[in-house]
Amino acid sequence: MTKSKADEEDYWNSSKFKAFTFDDEDDELIRLKESRQAVNSIQRLVEEDDDEDDVEKVSWSGEPVGSISWSVKETAASNQRTDREPAFPKIPTDTPSLSKSQSGYSLSSLFKGETALSDSSIRLYAPELRKPKSEYKDYVSDWSPEETIQRLQQGKTAPLEKFRSLQDKLLLLDFAVSAHDGNVITAVLIYLKRTLSKEVLFRELESRQTALRHFIHYLTETKDQRLLLELLRALGRTEDVALLQYKEHLSIADENKRRDFLKSCLSLPFSAEDSAHVQDHYTLLERQIIIERGGKVEIFQKFPRRASILNMPLITTLYYCCFYHYSEPEGTYSSPLNIRQAFKISEKQYFVTALAARAKLKAWLDVDALFTSRNWLGFTRKKSPLSFQRVVDVLQKNSAPTQVLQDYVGLVEDPDMRISLAQKHKCHDIVINTYRDMKDRQQLLGYRGKVGRGSAEERKIDELLNNQQIRWKN
Amino acid sequence: MAAHLSYGRVNLNILREAARKELREFLDKCAGSKAIVWDEYLTGPFGLIAQYSLLKEHEVEKMFTLKSGRLPSADVKNIIFFVRPRLELMDIIAENVFRCVYVSCYQTPHCKLVKECYLENDQTSLYHTAKGLMTLQALYGTIPQIYGKGDCARHVANMMLRMKREFAGTQNQILPVFDTLLLLDRNVDLLTPLATQLTYEGLIDEIYGINNGYVKLPPEKFAQKKQGEASKDLPTEPKKLQLNSAEELYAEIRDKNFNAVGAALSKKAKIISAAFEERHNAKTVGEIKQFVSQLPHMQAARSSLANHTSIAELIKDITTSEAFFDNLTVEQEFMTGVDTDKVNTYIEDCIAQKDPLIKILRLVCMQSVCNNGLKQKVLDYYKREILQTYGYEHILTLNNLEKGGLLKPQTSSRNNYPTIRKTLKLWMEDANEQNPNDISYVYSGYAPLSIRLTQVLARPGWRSIEEVLKMLPGPHFEERQQLPSGLHKKRQQGENRTTLVFFLGGVTYAEIAALRFLSQMEDSGMEYIIATTKLVNGTTWIKSLMDRPESQTP
């Protein structure tokens, strides 16, 4: 589909995706307003009945009264007010240090000597309430692997401990997999994990992909990092191993330990590009630790920091250095230019970050210097890897004064855009000059009404309007 | 309360009733007073089938949310835990209980899959989906034709057929309600959820997020100024509203393109105003009585209008912003295939401004999908910029997106997206937002791929797009289930056929709107019922693929 150049331009100029713009902005707004007015006027009419106007009642928290989530909160609250009697069999009263706060203390302290929370206590059945005696035989009956799986699937109890041979255990697993019920598969896997050696378990899982997926999911959920790593290594999934290990840095709070950990990650078998990123991550933290210690006192007193730079992203670090360490020699770790080099930051990113930081400090000379390049004749001109429209945007966000803004507004190439920006920021000279260049007498005349009476701008407009040499287009 | 479920052609209340019955029977299994400990996640979905009053009737006296540590006290005979079958929750329960207490794990009723119900999406969920579909067939009859596209779809169909064989011998004697089941894997259409939805309901979800049929909104526009009252402090609690088709006005506007909502609201306002004006004409006692009897209904309509006017105003503030427009323009450029092979300046600028990472990822993924993968150089550039700006730890998130197929390097030199776009007419110029004649109105020009597949299946059939089906991931298939001879439907002249469309891995509100639009089209001859494992939008979807998304909130 090669549109001719002319076609294409025509297309862009004419439509540029009109979809989802309002045909008639005002019309649409008026419609919503109409609706709003109607609502308000009727409301006055029925005000007194307002409280019972809705289909359902809503509590203070916004949930409908009577809904389950509302009731959970209600009964919990009423519970706090009234009885404090424990629902469960009374805890021996000599239990040490039971705080009076509602639920702050952990139960595990009461389980001293018990292994209730360890892996081995996970029951492999979902017990039913109040079993009639007749069902008691369920516990002692002799189920085959297939029957066992069927019972588990129906939510009934079935002991797994009696399957002792490897062959039986694998039969269990295979029946569970072919039943497709994830809960049953996991139950069997937990049993196998407890009773088989890792080598055997890993070997058997390798030929059972579905079971393997469930096992990996189980280890991930239970955060059994160590075993998961061993498993992935045994399977030869080296990149996954590397990423998983790298991920652990997130749980290390101390920056020096984190840095050392990242350093140890460098030798992991990442893909080539991830390896470069991890290297950068390490280098960055190493630098941040150094930067955190340095800097001149005065500027920190004048502009106190809001947070430490440790563990911040690279661009945030660059901004920080453009703010506090801007003029340092290029050889230092905290010099912005050094950071740019070391991490190969793109020209645009560097530029926009430095611009924002220096503008924030109102260091307008630095801002100006960013744009200045000399050509071989020694003339200076302003150049930017960023559109000047975006430059104005950044400066304005950092509350640059009009004198500064107008230098950059004047450099915006598109005349319409230039005028609208100039009007917005009250850069009268630019508006006037642009209308003059466009030979738009009508617009200039119109703008005369917007400048101060008797001001220099007004005089300038009058001069232009009286200038016989300009050939106005209207 | 749930009357709106019976309006449609398929009476979904049957399903709701079945779930209520199951719940009641379960509660009665434990005699005596009881307390329920809730997995907080489940209170919403359970709220769709039962109120607290039902539980109370069955001797539920206390309710708590599941937390680690010790349970609060309650003087009851039974304690019941209602939890999702998740490993980490089991550990909490283990912490909660002593040996001498009876515990029962009652799994989420697996039939809760239609329309407003959810299931966590993982491998196990496919099994529950198949089981749910079997329950559905037990209630609504065997579905004679099954179509599907994608790996998960194939998997679910296989499980269903196997489960059916296990039941061999017992014939289902219910006259089938559904003619066709279509199983669609979200993997087949990665593009649609990434695009910004432009229907009213879709935008509410994009901007504020709808959870179990509720939305929380900023309260400012809902503050009621009463006459003669000094302006009170503005409310700070978010305003929570329920959204469903039981509300007449919402049913009318939820599926409209947002640009058509203003007109609909103003029309409604005129009707309601006129109705209130009627009181001046009421002269006789009989007339006044008549007017008064209508007041409750009119006031409900008034309050509904007030709410939706406020919501529309909130949304309009956003859709008319420059940022929204710029973002949408780029999305539309990608979907029409403009410059998808280059680094996009807008994305670059958004990164430089540190816009939310999810927004960036959504756009980059969309560009990748619309270009059948990004050129290695482009992909590397984006990755670098993202890691430098948002932190290197996002290597993990980027890897997840690559595993999910949302972000990938171009492997073959041929980009087949344009072929898919043209064959399926995914982009329609001049989409009519006010009086739509095509599903593309839901994205103001883009017709969701998943729904086009559904539409083509009904007419002229998938055989006509064999080539494109091969380009999309995963197998496509057709299965037939034999019906007992007495149950073959004798179709009346002009009677619609009914298709159940099951989205595996999530569906957006805009896609639902598009399907409802197809149902309403006079000549379509097809009624669609929608089922899914999850309701998604671009943000929630990307979030579910991120590593530690919670660390993203600034």
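Considering only segment B:80-101, I want to know if a residue exists there that is within 9 Å of chain A (Cβ to nearest Cβ), at pLDDT 70 or above and not in a helix (DSSP H, G or I).
The answer is yes; a qualifying residue exists.
Would you mind stating whether residue B:196 is at pLDDT 95 or above, within 29 Å of residue B:476 (Cβ to Cβ) and in a helix (DSSP H, G or I)?
In short, no.
Between B:449, B:457, which is aliphatic (A, V, I, L, M) and out of contact with any helix residue (DSSP H, G or I) (no Cβ under 7 Å at 6 or more places or on another chain)?
Details: B:449 fails: out of contact with any helix residue (DSSP H, G or I) (no Cβ under 7 Å at 6 or more places or on another chain).
The unique qualifying residue is B:457.
Here are some conditions: (1) at negative phi; (2) of a type in the set (Ser, Thr, Tyr); (3) out of contact with any Lys or Arg (no Cβ under 7 Å at 6 or more places or on another chain). Residue B:498 meets all but one. Which one does it not meet?
(3)
Identify all residues within segment A:262-298 that are more than 12 Å from chain B (Cβ to nearest Cβ), open to solvent by 40 Å² or more (accessible area, probe 1.4 Å) and assigned to a helix (DSSP H, G or I); write none if there are none.
A:263, A:264, A:286, A:290, A:292, A:293, A:297, A:298
Just checking, does segment A:399-420 include any residue being in a helix (DSSP H, G or I) and within 14 Å of chain B (Cβ to nearest Cβ)?
Checked segment A:399-420: at least one residue is in a helix (DSSP H, G or I) and within 14 Å of chain B (Cβ to nearest Cβ).
From the list B:189, B:179, which one is modelled with pLDDT under 95 and either in contact with a Lys or Arg (Cβ under 8 Å, 6 or more places away or on another chain) or open to solvent by less than 10 Å² (accessible area, probe 1.4 Å) (or both)?
On the way: B:189 fails: modelled with pLDDT under 95.
Just one listed residue meets the conditions, B:179.
Given the structure, is residue A:446 part of a loop (DSSP other than H, G, I, E, B), open to solvent by 20 Å² or more (accessible area, probe 1.4 Å) and out of contact with any His (no Cβ under 7 Å at 6 or more places or on another chain)?
No: the conditions fail for residue A:446.
Between a first residue in segment B:382-400 that is facing chain A (nearest Cβ under 7 Å) and β-branched (Val, Ile, Thr) and a second residue that is part of a helix (DSSP H, G or I) and open to solvent by less than 10 Å² (accessible area, probe 1.4 Å), which pairs have beta carbons less than 8 Å apart while being 6 or more apart in sequence or on different chains?
B:389/A:314; B:389/A:349; B:389/B:351; B:395/A:246; B:395/A:278; B:395/B:387
Of these, A:360, A:397, A:382, which one is within 30 Å of residue A:424 (Cα to Cα), of a type in the set (Lys, Arg) and touching a Leu at 6+ places or on another chain (Cβ under 7 Å)? Please lay out each step first, then the result.
Values: A:360 fails: touching a Leu at 6+ places or on another chain (Cβ under 7 Å); A:397 fails: touching a Leu at 6+ places or on another chain (Cβ under 7 Å).
Going through A:360, A:397, A:382 in turn, just one is within 30 Å of residue A:424 (Cα to Cα), of a type in the set (Lys, Arg) and touching a Leu at 6+ places or on another chain (Cβ under 7 Å): A:382.
Given the criteria among the charged types (D, E, K, R) and touching a His at 6+ places or on another chain (Cβ under 6 Å), does residue A:293 qualify? Before the answer, list the steps.
Numbers: among the charged types (D, E, K, R): yes; touching a His at 6+ places or on another chain (Cβ under 6 Å): no.
No; evaluated as a whole, the condition is false for this residue.
Residues that are open to solvent by less than 40 Å² (accessible area, probe 1.4 Å) and either part of a helix (DSSP H, G or I) or farther than 25 Å from residue B:351 by Cβ (or both): does segment A:305-315 have at least one? Show your work before the answer.
From segment A:305-315, those open to solvent by less than 40 Å² (accessible area, probe 1.4 Å) are A:309-310, A:313-315; that's our starting set.
Those left that are additionally either part of a helix (DSSP H, G or I) or farther than 25 Å from residue B:351 by Cβ (or both): A:314-315.
Within segment A:305-315 (the criterion being open to solvent by less than 40 Å² (accessible area, probe 1.4 Å) and either part of a helix (DSSP H, G or I) or farther than 25 Å from residue B:351 by Cβ (or both)), the answer is yes, since at least one residue qualifies.
Yes/no matrix, rows are residues, columns are (1) under 19 Å from residue B:128 (Cα atoms); (2) at pLDDT below 85:
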position	(1), (2)
A:116	no, yes
A:122	no, yes
A:134	no, yes
A:179	yes, yes
A:187	yes, no
A:195	no, no
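Among the residues of segment B:310-333, write down those that are facing another protein chain (nearest Cβ under 10 Å), of a type in the set (Val, Ile, Thr) and surrounded by fewer than 18 Cβ atoms within 10 Å (Cβ to Cβ).
B:320, B:329
Any residue in segment A:155-168 that's modelled with pLDDT of 85 or more: show its pairings with residues that are open to solvent by 50 Å² or more (accessible area, probe 1.4 Å) and charged (D, E, K, R) at Cβ separation under 6 Å, as long as the two are six or more apart or on different chains.
none
Check segment A:413-422 and report whether any residue there is surrounded by 19 or more Cβ atoms within 10 Å (Cβ to Cβ), in contact (Cβ under 8 Å) with a residue 24 or more places away in the chain and within 19 Å of residue A:386 (Cβ to Cβ).
Among the residues of segment A:413-422, at least one is surrounded by 19 or more Cβ atoms within 10 Å (Cβ to Cβ), in contact (Cβ under 8 Å) with a residue 24 or more places away in the chain and within 19 Å of residue A:386 (Cβ to Cβ), which makes the answer yes.
Return yes when residue B:238 is over 30 Å from residue B:433 (Cα atoms), open to solvent by 20 Å² or more (accessible area, probe 1.4 Å) and in contact (Cβ under 8 Å) with a residue 12 or more places away in the chain and no when it is not.
When the stated conditions are applied, residue B:238 passes them.
Does segment A:249-266 contain any residue that is of a type in the set (Val, Ile, Thr) and touching a residue at least 12 places away in the same chain (Cβ under 8 Å)?
Pass one, segment A:249-266, residues of a type in the set (Val, Ile, Thr): A:252.
Right, trim to touching a residue at least 12 places away in the same chain (Cβ under 8 Å) and you get none.
Within segment A:249-266 (the criterion being of a type in the set (Val, Ile, Thr) and touching a residue at least 12 places away in the same chain (Cβ under 8 Å)), the answer is no, since none of the residues qualifies.
Filter segment A:233-252 for residues that are within 11 Å of another protein chain (Cβ to nearest Cβ) and among the small types (Gly, Ala, Ser); which is farthest from residue A:197 (Cα to Cα)?
Here the residue is A:251.
Is it true that residue A:301 is part of a helix (DSSP H, G or I) and more than 13 Å from chain B (Cβ to nearest Cβ)?
Numbers: part of a helix (DSSP H, G or I): yes; more than 13 Å from chain B (Cβ to nearest Cβ): yes.
For residue A:301, the condition - part of a helix (DSSP H, G or I) and more than 13 Å from chain B (Cβ to nearest Cβ) - is met.
Quick one: in segment B:276-293, of everything that is surrounded by 13 or more Cβ atoms within 10 Å (Cβ to Cβ) and farther than 16 Å from residue A:34 by Cβ, which residue is farthest from the other protein chains (Cβ to nearest Cβ)?
Applying the filter and picking the extreme gives B:287.
Restrict the check to segment B:355-377 and report whether at least one residue is free of Cβ contacts under 8 Å to residues at least 24 places away in the same chain, over 26 Å from the mean Cα position of the chain (by Cα), more than 11 Å from chain A (Cβ to nearest Cβ) and in a helix (DSSP H, G or I).
So far as segment B:355-377 goes, yes, one or more of its residues are free of Cβ contacts under 8 Å to residues at least 24 places away in the same chain, over 26 Å from the mean Cα position of the chain (by Cα), more than 11 Å from chain A (Cβ to nearest Cβ) and in a helix (DSSP H, G or I).
If the requirement is being exposed (fewer than 15 other Cβ atoms within 10 Å of the Cβ) and hydroxyl-bearing (Ser, Thr, Tyr), which of these qualifies: A:372, A:434?
The unique qualifying residue is A:372.
With the condition kept exactly as written, say whether any residue in segment A:223-232 is open to solvent by 70 Å² or more (accessible area, probe 1.4 Å) and either away from chain B (no Cβ under 14 Å) or assigned to a helix (DSSP H, G or I) (or both). Show your work before the answer.
As a first pass, look at segment A:223-232 and keep what is open to solvent by 70 Å² or more (accessible area, probe 1.4 Å): A:223, A:226.
Still in the running and either away from chain B (no Cβ under 14 Å) or assigned to a helix (DSSP H, G or I) (or both): A:226.
Within segment A:223-232, one or more residues are open to solvent by 70 Å² or more (accessible area, probe 1.4 Å) and either away from chain B (no Cβ under 14 Å) or assigned to a helix (DSSP H, G or I) (or both).
If we only count helices (runs of 4 or more DSSP H) wholly inside segment B:385-459, which ones have 1 or more residues that are among the polar types (S, T, N, Q) and farther than 30 Å from residue A:248 by Cα?
Filter on segment B:385-459 gives B:417-423, B:449-458.
The values are calculated or read from the model by the stated rules, or taken from the named source; none is laboratory data. Note that the structure is predicted; figures quoted are calculated from it, not measured. Please note: Cβ atoms are built from the backbone with ideal geometry, for glycine as well, and neighbour counts cover all protein chains shown. Ligands, DNA and RNA are excluded from the accessible area calculation, which covers all protein heavy atoms including side chains. Shrake-Rupley method; radii C 1.70, N 1.55, O 1.52, S 1.80 Å.
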